[in-house]
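The values are calculated or read from the model by the stated rules, or taken from the named source; none is laboratory data. Keep in mind the model is a prediction, meaning the values are calculated, not measured. Virtual Cβ from ideal backbone geometry, glycine too; neighbours counted across all protein chains shown.
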């Protein structure tokens, strides 16, 4: 861990071996917020985001920041350990083909509204939730695009694992944008001194707007959680039909959210944007990039990170840079031996665009204990 103080109000604690200038600039902004608590924590996968670094942890007193949660509220991982100890190439291809038939990817949605008890708990008294709820029912149980994926993996524990990365879909984006706009309006009205260009408009938690955001965010977390469960249930059913095996364990974690927690004997709001909670004994998932290993981990409860750890490998190239630098032959070589679709001239999700997951894990061994290392066999990308 490295500590930077500079001229900031509070220090920055970093678990990364290297940090780009834009990411450090954003971290310095966080460290100069008047309500930031104790220190800023940067995970080893950190890279610049919108307002706040992805892979960053910010604790605040009495305020909540929509952009410190991000637009994909509740984005996270679900992993299922199965009773199978191996798969043939034909079984992997059949599984991928059939999963694509029941799990819409990219911008695709279900043709019918989906049923789930999560919708019975929707806070429809909030206009933004009421406005987006019917659309969200078509998106429940869908993967999304970008770096979202379904992956078939072989664990070093000898078992086949299934893993999904997805979030709250357009519902979370709409909620995030709505409350960020509201925060900007109110901060302007209050003549807040935090520079607008920092993109860190805030809502005091005791205000109606702050309470409304918290309630809407928490519903998005429930939606994202059940969205992953719905997809995994479909994948497991197909897996059982093909192999005769089913799941024997399951883990489901968020990595974009804010939560009221106690640290250093203070009640605070911990914003994890691209970071997972790792209280002592917590089980977590830290995926690699497309074509590289992932890890099931256990938390060590390190207070220096506000009991947090990385959420993945983290980008080392922007999407634009990756598409300019990575070639078809480089992409094919990185995916050798793994069943996947086509790149179609887009290489922004190739392993070369991401940090080395094994190096990321090494940098945070005081935050987590690796339990199972998982090697990819087949990948579906959004």
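Summed over region 87-103, residues that are part of a loop (DSSP other than H, G, I, E, B) and either within 26 Å of residue 273 (Cβ to Cβ) or touching a strand residue (DSSP E or B) at 6+ places or on another chain (Cβ under 8 Å) (or both) total 2.
Taking the listed residues 59, 84, the one that is assigned to a loop (DSSP other than H, G, I, E, B), in contact with a strand residue (DSSP E or B) (Cβ under 7 Å, 6 or more places away or on another chain) and over 27 Å from residue 139 (Cβ atoms) is 84, with no other qualifying. Among the residues making up region 295-319, those that are over 17 Å from residue 1 (Cβ atoms) and under 14 Å from the mean Cα position of the chain (by Cα) are 311, 312, 313, 315. Among the residues of region 272-288, those that are crowded, with 24+ Cβ neighbours inside 10 Å and within 16 Å of residue 303 (Cβ to Cβ) comprise 272, 275, 276, 278. Taking residue 211, is it surrounded by fewer than 17 Cβ atoms within 10 Å (Cβ to Cβ) and assigned to a helix (DSSP H, G or I)? Yes, satisfied. Any residue in region 86-94 that is surrounded by 21 or more Cβ atoms within 10 Å (Cβ to Cβ), within 23 Å of the chain's Cα centre (by Cα) and touching a residue at least 12 places away in the same chain (Cβ under 8 Å)? Looking for residues that are surrounded by 21 or more Cβ atoms within 10 Å (Cβ to Cβ), within 23 Å of the chain's Cα centre (by Cα) and touching a residue at least 12 places away in the same chain (Cβ under 8 Å), one finds none in region 86-94, hence no.
Any residue at all in region 226-233 that is buried (at least 16 other Cβ atoms within 10 Å of the Cβ), under 28 Å from residue 373 (Cα atoms), in contact (Cβ under 8 Å) with a residue 12 or more places away in the chain and touching a helix residue (DSSP H, G or I) at 6+ places or on another chain (Cβ under 8 Å)? There is at least one residue in region 226-233 that is buried (at least 16 other Cβ atoms within 10 Å of the Cβ), under 28 Å from residue 373 (Cα atoms), in contact (Cβ under 8 Å) with a residue 12 or more places away in the chain and touching a helix residue (DSSP H, G or I) at 6+ places or on another chain (Cβ under 8 Å). Limited to region 234-283, what total is found for residues that are in contact with a strand residue (DSSP E or B) (Cβ under 8 Å, 6 or more places away or on another chain) and without any contact (Cβ under 8 Å) to a residue 12 or more places away in the chain? Looking only at that region, the number is 3.
A Cβ distance below 9 Å, combined with a sequence gap of six or more or placement on separate chains, defines the contacts here; from region 355-371, residues that are on the phi > 0 side of the Ramachandran plot and part of a loop (DSSP other than H, G, I, E, B) reach no residue that is surrounded by 14 or more Cβ atoms within 10 Å (Cβ to Cβ) and modelled with pLDDT of 95 or more. Among the residues of region 303-320, those that are at pLDDT below 95 and surrounded by fewer than 17 Cβ atoms within 10 Å (Cβ to Cβ) comprise 318, 319, 320. Every condition in (1) within 25 Å of residue 206 (Cβ to Cβ); (2) in contact with a helix residue (DSSP H, G or I) (Cβ under 8 Å, 6 or more places away or on another chain); (3) surrounded by 21 or more Cβ atoms within 10 Å (Cβ to Cβ) is met by residue 53 except one, and the failing one is (1). The set of residues from region 317-338 being closer than 30 Å to residue 298 by Cβ and either touching a strand residue (DSSP E or B) at 6+ places or on another chain (Cβ under 6 Å) or without any contact (Cβ under 8 Å) to a residue 24 or more places away in the chain (or both) comprises 337, 338. In region 158-197, the residue that is nearest to the chain's Cα centre (by Cα) out of those that are on the phi > 0 side of the Ramachandran plot and in contact (Cβ under 8 Å) with a residue 40 or more places away in the chain is 169.
Could you please find all residues in region 119-148 being out of contact with any helix residue (DSSP H, G or I) (no Cβ under 8 Å at 6 or more places or on another chain) and in a helix (DSSP H, G or I)? Residues satisfying the conditions are 120, 127, 130, 134, 138.
If you check residue 367 against the conditions, is it surrounded by 21 or more Cβ atoms within 10 Å (Cβ to Cβ) and over 30 Å from residue 109 (Cβ atoms)?
Numbers: surrounded by 21 or more Cβ atoms within 10 Å (Cβ to Cβ): yes; over 30 Å from residue 109 (Cβ atoms): yes.
In short, yes.
Of all the criteria given as (1) within 28 Å of residue 373 (Cα to Cα); (2) within 23 Å of the chain's Cα centre (by Cα); (3) at pLDDT 95 or above; (4) buried (at least 16 other Cβ atoms within 10 Å of the Cβ), the one not satisfied by residue 100 is (4). If residue 48 satisfies all but one of (1) more than 30 Å from residue 341 (Cβ to Cβ); (2) touching a helix residue (DSSP H, G or I) at 6+ places or on another chain (Cβ under 7 Å); (3) modelled with pLDDT under 95, what's the number of the condition it fails? Every listed condition holds for residue 48 apart from (1). You will find that of 149, 119, 107, the residue that is touching a residue at least 12 places away in the same chain (Cβ under 8 Å), under 30 Å from residue 317 (Cα atoms) and out of contact with any strand residue (DSSP E or B) (no Cβ under 6 Å at 6 or more places or on another chain) is 107 and no other.
In region 10-26, the residues that are farther than 16 Å from residue 58 by Cα form Cβ pairs under 7 Å with partners that are in a loop (DSSP other than H, G, I, E, B), at six or more places apart or across chains, as follows: 20/48; 22/48.
Just to check your reading of the model, which residue among 30, 42 is surrounded by 24 or more Cβ atoms within 10 Å (Cβ to Cβ), at pLDDT 95 or above and under 18 Å from the mean Cα position of the chain (by Cα)?
42
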